[in-house]
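The next block holds one structure in the form of structure tokens; read it before the comments.
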Number of protein chains: 2
Amino acid sequence: MDLASTVQRLFAALRRRSPPGLSLTAASTLSILDADGPLRLTELASREGVTQPAMTQLVTRLERDALAVRRASAADGRVVLVEITTAGRDLLHHRRRVRADAVTSLLAQLPAEDRKSIEAALPALDRLASLIS
Amino acid sequence: MDLASTVQRLFAALRRRSPPGLSLTAASTLSILDADGPLRLTELASREGVTQPAMTQLVTRLERDALAVRRASAADGRVVLVEITTAGRDLLHHRRRVRADAVTSLLAQLPAEDRKSIEAALPALDRLASLIS
DNA sequence: TATTGTTATACTCTATAACTATA
DNA sequence: TATAGTTATAGAGTATAACAATA
């Protein structure tokens, strides 16, 4: 029983219950844009750990779906600033709510002591995630 | 701070540090074959939560890479039995070891009480994962 | 007819290499 | 020349629909 396998199993399960229409990377990128405002494409690619061409295409899809827009930088003509739209924000928040509800209802099926230990470990797991990023 | 987001962040981080050469679904499918022996293609698809055509293609890739083989069923001529090879088993175990080592070295960077609470929650998280599948 | 699996087709997502535009 | 981003190309991975073989 190791943490990596457990995380993988949990994630695979979550993914299967996620509403479709937004890939993992797309959702994660929207989260960053939601939290940290307009960002350069290169900065986004670096934060997501994907290549610049991959981010170009992802942003193109997000823009096609009206979830984000490209803007020019006044300071540097080469730079593209990516910004989340209201529709993007709405979709993101809706997905989060749906997913959180699903997890909550699953947790409710566990014994109380299991819930308690998971809840107690959450801040530590969060710090672990921050450590890795 | 919710569990779903934390799991997603942990998984994204793990994925980025995973050695290449085996996708998430490929690794997960090999795990099933490793643990539960030769299985029918339909059974594999159902356990992975993917469609039958998707599993056909995945098994074709695994077979091409010599990680699994197709076998005929003596009892039913329609059935394909998928079996992990020694090379598949070796690769799987190697990946697990590499990943477990990475997680261990990361956990070592956390305060002792964080490690303790994560360790304490692991069985509960495992049960949660089983619940979802 | 029902079940098992494959093939055909299309889309997302990713990478590397080559390119364009701006600094 | 260096940097920011795009385009070209290729491959993995997924889905739905249509098909072939076996039961």
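Every number in this text was worked out from the coordinates using simple rules, so none of it is lab data. Bear in mind the structure is a predicted one, so any value in this text is a computation, not a measurement. FYI the Cβ positions are ideal-geometry reconstructions off the backbone, even for glycines, and counts take in every protein chain you see.
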Relative contact order [Cα under 8 Å, 6+ residues apart], the range A:23-91, whole percent: 34
Shortest-first nm distances, A:Ala120 label point to equivalent points in other copies (7 Å, Cα→Cβ): 0.2
Amide H within-cut-off set for A:Thr85, under 5 Å, with H built and near neighbours excluded: A:Ala68, A:Val69
Pseudo-label separations to other copies for A:Thr51 - Cα-to-Cβ vector, 7 Å, nm: 2.8
Residues A:Leu107 and A:Asp65, FRET efficiency given R0 of 35 Å [Cβ-Cβ distance, rounded to 0.05]: 0.65
Positive-end residue, chain B charge dipole about Cα centroid, Cβ charges, pick of B:Ser117, B:Ala26, B:Val79: B:Ala26
Per-residue average of Cβ from other chains inside 10 Å of A:73-82: 0
For B:His94, inter-copy label distances in nm, listed shortest first [label point 7 Å out on the Cα-Cβ vector]: 4.6
Normalised alpha carbon radius of gyration of the range A:30-133 [divisor 2.2 N^0.38 Å]: 1.38
Within the protein assembly as shown: Cβ-based charge dipole about Cα centre, in debye rounded to nearest 20 (Lys, Arg +1; Asp, Glu -1): 460
For the range A:31-87, the Rg and Dmax computed from alpha carbons only, in angstrom: 10.5, 28
Interchain or long-range residues, amide H under 5 Å from A:Val80's placed H: A:Leu41
Isotropically averaged projected area of the range A:1-72, using the convex hull of Cα atoms (one quarter of hull area), nm²: 5.8
Shielding by other protein chains, B:111-117, mean Cβ within 10 Å: 4
Estimated dipole of chain B in Debye, rounded to 20 [Cβ of Lys and Arg +1, of Asp and Glu -1, Cα centre]: 320
Note, ³J(HN,Hα) from phi for the range A:59-73, Karplus 6.51, -1.76, 1.60, rounded to Hz, x at Gly and Pro: 5, 4, 5, 4, 5, 4, 8, 6, 9, 8, 9, 8, 10, 7, 8
Size of electric dipole in the range B:1-79: Cβ of Lys, Arg +1 and of Asp, Glu -1, about Cα centre, debye, nearest 20: 260
Value of [θ]222 nm, deg cm²/dmol, for chain B, DSSP H segments ≥ 4, -39500 (n - 2.57) each, nearest 500: -22500 deg cm²/dmol
Radius, Kirkwood style, for the protein assembly as shown when every pair of distinct Cα atoms is counted (Å): 20.4
For the range B:59-133 versus the range A:23-49, the gap between their alpha-carbon centres in whole angstrom: 29
The range B:90-107 - phi-based ³J(HN,Hα) in whole Hz, Karplus 6.51/-1.76/1.60, Gly and Pro as x: 4, 4, 4, 5, 4, 4, 4, 5, 4, 5, 4, 4, 4, 5, 4, 5, 6, 4
